[in-house]
Structure formats: C-alpha cells, structure tokens
Amino acid sequence: MVEMLMSTYQVEAWTPLESHFSTEIGKIPIGSLIAFDYRPYRLTEVRDRAFDLWPAEIQAEYAQMGGTDPDTWWARVQTIRLQPDGRHEAKGLHRLVRAHYRLHVLPEHYAVCHRCGDLPPCREAVVDRQVAEATKVMDQAMALRPGDCHACGEPVTGRHKAISFPGPNLIRPDLPNGTVVFHGRHGECGNSAYRYDERWAAAEPGRARPTSALPVRWPSDSARGQHHRLHRR
Ligand SMILES: [Zn+2]
Ligand SMILES: [Zn+2]
C-alpha cells in the first residue's frame with residue numbers, strides 16, 4: 001500500500017529558471033510538463049478525493065467554514081499522479097494536494113543540472129544560498145556594539161532620529177537591557193525598527209510599543225487601521 005503524503009510543496013518558495021507560468025492544478029491540461037520538488041514530471045491524473053478520505057484537519061477546517069458542498073470547495077482535497085518525464089519505467093508519484101495549489105508549468109525543451117538532475121536552480125544551490133544569507137545576518141548581529149543601529153550596524157549619534165527599545169535585547173541577548181536602537185523613522189533602518197517592534201511586543205504582552213507613537217508613514221492610510229498596516233509589513 002502506497003503511503004500518500006499530503007504535499008507540502010509550496011510554489012512560492014522556488015521558481016524553476018525555465019518556468020512558463022504557474023497556475024492552479026485544475027487549470028493545467030493533463031499531460032503537461034510540470035516542476036515538482038525540483039524535478040520534471042508529466043501530470044497524468046487529477047482526481048477529487050471523497051470528503052470522508054480527507055485528512056482530519058482539513059475536514060475540520062471545512063466544517064469550521066460552515067460549507068455545504070465540499071465537492072466544489074476551492075480548497076478541496078485532490079490526488080494527483082506524476083510521472084518522471086521521459087522515464088516510463090520509473091515509479092510515478094501519487095500525492096494528496098489541495099485544489100488551490102499551484103504548479104509551475106515547464107516548456108517541452110528545458111534544462112536539468114548535469115550534476116544532480118534537478119531543475120535549476122538546484123536544491124543544493126538554493127540551500128547554500130539560504131545558509132550564506134543566514135550566516136551573514138548572524139555575523140552582522142555578532143558585530144553589534146551597544147549604541148549601534150541594530151539594522152545597519154553604524155553608531156546612532158545625537159544627530160540622528162532614533163527609535164530605541166527598553167528591556168532585553170532580542171537580537172543580541174548577551175548585550176545589556178535597553179541596547180536595541182535603530183536609526184529612526186525613515187528608510188531601511190526605520191523599517192527594521194517596525195519589524196523588531198513586532199517581536200518586541202510579542203515577547204511581553206501588553207507592552208506600549210515605541211513605534212505606536214510615530215507618525216503615519218503612508219499618506220494614503222486613513223487614521224483607522226493604520227497600525228495594522230504598519231505592523232504587518
Ligand atoms: Zn545541480
Ligand atoms: Zn541604521
């Protein structure tokens with residue numbers, strides 16, 4: 001019996017270099033070439049799955065919405081069959097998906113990596129890049145001294161507008177309390193302050209947030225709801 005895993009494939013996380021376009025599974029003609037988990041496949045079958053065979057958490061999600069017809073729900077559960085392209089003897093994949101999942105459609109002529117067989121950019125290259133980015137962020141954090149802007153790493157002097165945060169330093173817990181400061185209000189450092197404000201508020205419920213006193217930065221925002229817009233960025 002083949003174990004069918006709910007796919008966690010997220011099309012946003014990776015785009016093959018040669019993708020034609022991405023679209024919902026139901027709009028892709030059977031027989032199309034698609035990219036799935038860094039590999040090229042033919043989509044050979046899409047079927048709706050009976051409601052009582054859906055994973056329990058999706059049944060619960062549907063019940064909570066109060067829907068009456070799971071067969072036409074835009075996020076219903078389906079099964080897809082995928083055949084590795086050009087390898088008729090190979091075992092196909094059988095996966096549970098949801099109808100709103102998107103897949104990248106490939107052209108008939110596409111390139112694969114000679115080393116690993118992935119559609120470029122290869123999984124290994126993507127992971128390397130993510131590790132390099134995470135390392136860079138950590139190196140920058142480790143170089144911070146008290147009084148430095150926690151976004152750009154440059155000292156904040158009296159000439160600058162600044163946003164500072166009392167309490168434990170969530171970026172560098174080894175530095176003293178009250179050492180988180182950002183060049184204020186405009187530009188990238190100010191944006192970082194707004195993002196830090198989210199973490200800072202979540203760390204201790206009920207805090208009066210330093211950025212809530214700041215002026216609205218988007219002129220089109222009405223007074224109501226402005227903070228939601230600000231803090232969700
Ligand atoms: Zn490769
Ligand atoms: Zn700065």
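Within the bounds of segment 106-122, is there any residue that is open to solvent by 30 Å² or more (accessible area, probe 1.4 Å) and modelled with pLDDT under 90? Checked against the condition, which is being open to solvent by 30 Å² or more (accessible area, probe 1.4 Å) and modelled with pLDDT under 90, segment 106-122 yields no hits at all. Once segment 113-155 is narrowed to residues that are touching a Lys or Arg at 6+ places or on another chain (Cβ under 7 Å) and more than 15 Å from residue 36 (Cβ to Cβ), the residue that is farthest from ligand 1 (Cβ to nearest atom) is 144.
The residue pairs whose first member lies in segment 132-160 and is without any contact (Cβ under 8 Å) to a residue 24 or more places away in the chain and closer than 19 Å to residue 175 by Cα, whose second member is β-branched (Val, Ile, Thr) and not in a loop (DSSP other than H, G, I, E, B), and whose beta carbons are closer than 8 Å, counting only pairs six or more residues apart or on different chains, do not exist in this structure.
So for segment 171-178 (the condition being free of Cβ contacts under 8 Å to residues at least 24 places away in the same chain, open to solvent by 60 Å² or more (accessible area, probe 1.4 Å) and under 17 Å from residue 201 (Cα atoms)), does at least one residue qualify? The answer is yes, given that some residue of segment 171-178 is free of Cβ contacts under 8 Å to residues at least 24 places away in the same chain, open to solvent by 60 Å² or more (accessible area, probe 1.4 Å) and under 17 Å from residue 201 (Cα atoms).
Filtering segment 152-170 to residues that are open to solvent by less than 40 Å² (accessible area, probe 1.4 Å) and of a type outside the set (Phe, Trp, Tyr) leaves 153, 156, 163, 167, 169.
Can you tell me how many residues in segment 41-63 are open to solvent by 20 Å² or more (accessible area, probe 1.4 Å) and within 25 Å of the chain's Cα centre (by Cα)? Quick ask: steps written out before the conclusion?
Residues of segment 41-63 open to solvent by 20 Å² or more (accessible area, probe 1.4 Å): 41-42, 44-53, 55-57, 59-61, 63.
This time we only want the ones that are within 25 Å of the chain's Cα centre (by Cα), so: 41, 55-57, 59-61.
The total comes to 7.
Out of all the residues in segment 141-164, is one or more under 23 Å from the mean Cα position of the chain (by Cα) and outside any loop (DSSP other than H, G, I, E, B)? Within segment 141-164, one or more residues are under 23 Å from the mean Cα position of the chain (by Cα) and outside any loop (DSSP other than H, G, I, E, B). Selection within segment 180-215: residues that are assigned to a loop (DSSP other than H, G, I, E, B) and more than 14 Å from ligand 2 (Cβ to nearest atom). The member of this set that is least open to solvent (accessible area, probe 1.4 Å) is 214.
The set of residues in segment 176-206 that are within 15 Å of residue 162 (Cβ to Cβ) and polar (S, T, N, Q) comprises 179, 191, 192. Of the residues contained in segment 104-112, none is found to be in contact (Cβ under 8 Å) with a residue 60 or more places away in the chain, within 16 Å of ligand 1 (Cβ to nearest atom) and either basic (Lys, Arg) or farther than 30 Å from residue 41 by Cα (or both).
The values are calculated or read from the model by the stated rules, or taken from the named source; none is laboratory data. These numbers were taken from a predicted model, which means no experiment stands behind them. So basically every Cβ, Gly included, is an ideal-geometry build from the backbone, and we count neighbours across all protein chains shown. What goes into the accessible areas is simple: the full protein's heavy atoms, side chains included, and nothing from ligands, DNA or RNA. Shrake-Rupley method; radii C 1.70, N 1.55, O 1.52, S 1.80 Å.
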